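These notes are about the structure you will find just below.
Derivation of every value follows stated rules applied to the coordinates shown; laboratory data play no part. Since the structure is predicted, the reported quantities are computational estimates derived from the model, not experimental observations. Heads up, the Cβs are rebuilt from the backbone with ideal geometry, glycines too, and the neighbour counts pull from every protein chain shown.
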Ligand code: NDP
């Protein structure tokens, strides 16, 4: 019998714990979010982050800059926030307009304020197993596995996807938890053969329903990181079972799309032992972990400042 791993309950628990910690602090942590341009999805993500910060008592500021801003001006804004003692966490919402280098921008955020965990210094610390601000999505996956009591140590984990923001840090974190880890990508040959050995299978690919029954070992823990829009009713019929289908078709007719992960949920439910739904799985944890990272960044900076004064 498959167990659905709910991101909602875990995200609420994490946010509750952060809120309790924040209450004990003399002044709340402060998160500054920068959004560039008018990408609709980014606007929704930013408003969810601001809303969550408000719920847990973290002060949040939002700077919305025009898509025409130059890279130099954006870097100057980040420099000011790096130097602003009242700011604990800086987040630049991706994607950025094509004339701005995401790499340069992410590297410009001070590692101590890098609550997304994308700065190479923090990535390097993660790689070396040192204390760091970890990227929120893979950190949320680890948090979910632990809180559901799923043993990671000694298990065969396969991560499909090798991006710097999900796949690679996910693999490093699973390794840190003593799993035996394999990373797969678009040039992997015999993908199915490899994923079929996974006790824990993480899909971070960006292709709707790509992981099918044939990729999954019987009883495996399947973590679906993907978020994809499905607009086609016939594809929806391949992806959703009877319990879900009507709701999904209604969404396509009314909103023009429904969300699905990188795993075919209909097939995963027949084969996996544990499965994260989309929506309602990993996505909710990402925002909760951002709150946890902001709290952590604030605590680390306060400790450092107290140490420097002593
Ligand atoms: P990227 O596009 O940066 O990376 C996708 C990865 O998938 C690449 O490493 C690519 O391989 C690999 N890949 C593509 N096609 C195949 C294939 N046919 N077989 C095996 N591997 C393949 O995506 P992200 O890592 O940024 O995101 C992945 C998914 O997670 C997306 O759906 C995204 O929306 C979602 N996401 C969800 C978040 C959440 O909060 N839940 C947060 C961030 C992302 P190669 O390197 O060879 O090109």
Please work out the Cα center distance from region 1-64 to region 139-216, rounded to the nearest Å.
25 Å
Degrees between helix 242-255 axis and first principal axis of the chain (Cα, 0 to 90, nearest 10)
50 degrees
Over all pairs of distinct alpha carbons, what does the Kirkwood formula give as the hydrodynamic radius of region 199-286, in Å?
12.8 Å
Rounded to the nearest 10 degrees, the helix 40-56 long axis (Cα) sits at an angle to the longest Cα principal axis of the chain of 70 degrees
Take 144, 1, 291, 25 and order them by how many other Cβ atoms sit within 10 Å, fewest up front.
1, 25, 144, 291
Report, to the nearest 10°, how far helix 167-176 tilts away from the longest principal axis of the Cα atoms in the chain, using its own Cα long axis and a range of 0 to 90°.
90 degrees
Long-range share for region 22-110, i.e. C-alpha pairs more than 22 Å apart as a percent of all pairs, stands at 28 percent
Contour minus Cα-Cα span, residue 254 to residue 146, at 0.36 nm per residue, comes to 35.1 nm
Hey, fewest Cβ within 10 Å first, where do 49, 217, 8, 304 land in order?
304, 8, 217, 49
For residue 164 and residue 233, calculate 0.36 nm times their separation in residues minus their Cα-Cα distance, and state this gained length in nm to one decimal.
21.6 nm
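Most exposed first by the Cβ proxy, i.e. fewest other Cβ within 10 Å, how do 146, 309 rank?
Numbers: 146 13, 309 6.
By the 10 Å Cβ count, ascending: 309, 146.
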Region 167-207 pair-distance distribution - Cα-Cα, 10 Å bins, rounded %:
27, 60, 14
Estimated D of region 137-241 in µm² per second, where Rh is the Kirkwood radius over Cα pairs and Stokes-Einstein applies at 25 °C, 0.890 mPa s:
174 µm²/s
Label residue 186 and residue 70 with points 7 Å out from Cα along Cα→Cβ: what is the distance between them in nm?
3.4 nm
Please report the base-10 log of the normalised intensity I(q)/I(0) for region 51-208, using a Debye sum with one equal scatterer per alpha carbon and no solvent, at each q in 0.11, 0.14 (1/Å).
-0.54, -0.82
Hey, could you grab the Kirkwood Rh for region 259-305? Inverse mean 1/r over distinct alpha carbon pairs, Å, one decimal.
13.1 Å
With viscosity set to 1.002 mPa s and temperature to 20 °C, compute the Stokes-Einstein D of the chain, Rh being the Kirkwood radius across alpha carbon pairs; µm²/s, no decimals.
105 µm²/s
